[in-house]
1. Can you pull out every residue in segment 27-44 that is assigned to a strand (DSSP E or B) and more than 18 Å from residue 123 (Cα to Cα)?
2. Residue check: is residue 21 modelled with pLDDT under 95 and within 23 Å of residue 112 (Cα to Cα)?
């Protein structure tokens, strides 16, 4: 019986440790809010949108600074942090495969950061802007 209880405890607790979100760039608890500036107006993300956005941003991958001539459609994204200065994410464009590229000097001065969400980040951004 004790062995069964131990197995059940292990089976139920393992997902809590395995599915922790990666916080490569931003801590989920360190961000107080996120806004997207579009046509000089700020659009604020709700809590659910913010958490999805942080997941996508923490998965950004460094990329060489390439020529991107496709405009994304908004001016910038502002991340408000509790214990650090606000962070501006500058959209640089997208490539032929619809990968979004950002210039974020606070995270990488030499390269752009490329989205790896396969369109989910773009979809989230335009969902916010439709409000």
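1. Kept after step one, since they are assigned to a strand (DSSP E or B), are these residues of segment 27-44: 31-38, 41-44.
Residues satisfying the conditions are 31, 32, 33, 41.
2. On the way: modelled with pLDDT under 95: yes; within 23 Å of residue 112 (Cα to Cα): yes.
Spelling it out, residue 21 is indeed modelled with pLDDT under 95 and within 23 Å of residue 112 (Cα to Cα).
The values are calculated or read from the model by the stated rules, or taken from the named source; none is laboratory data. Note that the structure is a prediction, hence the values are computed from the model and not measured.
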